[in-house]
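I have placed the structure first, in the form of structure tokens, so that the comments after it can refer back to it.
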Amino acid sequence: MSYVILDKSFLDAANKEEFTSLCNEHTVLMTDVLFHELVTTRKKSRQYCFNKFPSKTNPVELIPNIGTLLRYELETHKQCTPFDRRIKAVFKFNDKLRDGTFEFTDKQDKFREKRDSEAKSDAKTFFELATLVPGFFSQLNKLAVKNFPDAVEEAKQQIASDTEKVREIYRSFLDYDAPPNPVDAELINVNWAYFRWIQVRIFYSLNLLLKYHGQLPENPSQKFWRRIEHDLLDSEYVILGALTGALASNEKPMITNFKSLCPCGETFSVIR
């Protein structure tokens, strides 16, 4: 059975039979990012989604977020895939999540608030990265607005297909803020979490730059930050999907990004 990364949009779109079929035919991987999405969504939506999971032990495989994979690679200097680091535990989702009667404890609420705070911090970091991206691609500089979309597309194709370009950007990150004993740039390739993380974050940065014609706002609005947080969630699924080779999602932009970076990858969507 092949592995597939599960996104919330697929859960929202699929009926119980369609989702059960996916679980029966593939090993479905659920990241802790998805679990956080489910427990922080509206109560009705949470119940709607959890009610679709097969009522059995280990209905899906649980995997950690991309940060955990990156730390593993940094500590071991070995490539890491989501399934390599799956959480080896016997579990069953609380039945109260299915019937809508689940109530969070104060401790759980504080943890959710902590994750929300981390998401806002990550959005600031991503914004800083997006401002640096034009420096990685000479074709993006000093362009007329009408020529910017073509230049962005060229840069996206380069980051999707040019291994040395990804390594060059990785080296620039190390020049800026290298951790102790970093992984050698020559080691990383499409099978490494670090490689896919750079690809996807640059890809989403280019999409953001395209939306604002290369001129990111100096004083971003709350709406802007919410978009960034949403993009970061999507990027997590794309990174994990690219490492796994399959993604179950009903968000067309996410599927497009995944296929651009992983053209041989498999996608699963619900079509009505």
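The values are calculated or read from the model by the stated rules, or taken from the named source; none is laboratory data. Owing to the predicted nature of the structure, the values given are computational and were not obtained by experimental measurement. Cβ coordinates were reconstructed from backbone atoms using ideal geometry, including for glycine residues, and neighbour counts include every protein chain displayed.
Have a look at S21, S9, S45 and point out the one that is surrounded by 12 or more Cβ atoms within 10 Å (Cβ to Cβ), polar (S, T, N, Q) and free of Cβ contacts under 8 Å to residues at least 24 places away in the same chain. Walk me through how you get there before you give the answer.
Numbers: S9 fails: free of Cβ contacts under 8 Å to residues at least 24 places away in the same chain; S45 fails: free of Cβ contacts under 8 Å to residues at least 24 places away in the same chain.
Within the list S21, S9, S45, the selection yields S21.
If you scan the range 136-148, which residues turn out to be at pLDDT below 90 and assigned to a helix (DSSP H, G or I)?
In the first step, residues of the range 136-148 are kept if they are at pLDDT below 90; the result is 138-148.
Selection gives S138, Q139, L140, V145, K146, N147, F148.
Which condition number in (1) within 12 Å of the chain's Cα centre (by Cα); (2) surrounded by fewer than 21 Cβ atoms within 10 Å (Cβ to Cβ); (3) closer than 21 Å to T81 by Cα is the one that E229 fails?
Result: E229 passes all but (3).
Could you tell me how many of the residues in the range 84-115 are exposed (fewer than 15 other Cβ atoms within 10 Å of the Cβ) and under 17 Å from Y194 (Cβ atoms)?
Of the residues in that region, 1 qualify.
In the list D12, D84, which residue meets the criterion of being assigned to a helix (DSSP H, G or I), at pLDDT 90 or above and of a type in the set (D, E)?
Working: D84 fails: at pLDDT 90 or above.
Sole residue among the options that is assigned to a helix (DSSP H, G or I), at pLDDT 90 or above and of a type in the set (D, E): D12.
Conditions tested, residue by residue: (1) under 18 Å from the mean Cα position of the chain (by Cα); (2) more than 17 Å from A89 (Cβ to Cβ); (3) assigned to a loop (DSSP other than H, G, I, E, B).
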residue	(1), (2), (3)
S21	no, yes, no
N24	no, yes, no
L29	yes, no, no
V33	yes, yes, no
L38	yes, yes, no
R46	no, yes, no
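With respect to I63, determine if the residue is within 29 Å of P179 (Cβ to Cβ), surrounded by fewer than 16 Cβ atoms within 10 Å (Cβ to Cβ) and under 20 Å from the mean Cα position of the chain (by Cα). Before the answer, list the steps.
Details: within 29 Å of P179 (Cβ to Cβ): yes; surrounded by fewer than 16 Cβ atoms within 10 Å (Cβ to Cβ): no; under 20 Å from the mean Cα position of the chain (by Cα): yes.
It is false that I63 is within 29 Å of P179 (Cβ to Cβ), surrounded by fewer than 16 Cβ atoms within 10 Å (Cβ to Cβ) and under 20 Å from the mean Cα position of the chain (by Cα).
Looking at the range 215-236, I want the residues that are within 20 Å of K8 (Cβ to Cβ) and have a partner that is crowded, with 16+ Cβ neighbours inside 10 Å and β-branched (V, I, T) with Cβ atoms under 6 Å, at least 6 apart or on another chain. Which pairs are those?
S235/V200; E236/V33; E236/I66
When the residues of the range 99-113 are filtered to those that are under 14 Å from K43 (Cα atoms) and part of a loop (DSSP other than H, G, I, E, B), which remaining residue is modelled with the lowest pLDDT?
Among them, the one singled out is F104.
Which residue out of R171, R201, R167 is in a helix (DSSP H, G or I), crowded, with 21+ Cβ neighbours inside 10 Å, basic (K, R) and in contact (Cβ under 8 Å) with a residue 12 or more places away in the chain?
Working: R171 fails: crowded, with 21+ Cβ neighbours inside 10 Å; R167 fails: crowded, with 21+ Cβ neighbours inside 10 Å.
Every option except R201 fails the conditions.
Is there any pair linking a residue in the range 97-118 that is closer than 11 Å to H36 by Cα to one that is surrounded by 11 or more Cβ atoms within 10 Å (Cβ to Cβ) and among the polar types (S, T, N, Q), with Cβ under 7 Å and at least six apart or on different chains, and which?
Pairs found: R112/T40.
Scan the range 253-263 and tell me whether some residue there is crowded, with 19+ Cβ neighbours inside 10 Å, in contact with a His (Cβ under 9 Å, 6 or more places away or on another chain), modelled with pLDDT of 95 or more and within 24 Å of E37 (Cα to Cα).
Within the range 253-263, none of the residues are crowded, with 19+ Cβ neighbours inside 10 Å, in contact with a His (Cβ under 9 Å, 6 or more places away or on another chain), modelled with pLDDT of 95 or more and within 24 Å of E37 (Cα to Cα).
So, of the residues in the range 204-226 that are of a type in the set (S, T, N, Q) and part of a loop (DSSP other than H, G, I, E, B), which turns out to be surrounded by the fewest Cβ atoms within 10 Å (Cβ to Cβ)?
Applying the filter and picking the extreme gives N219.
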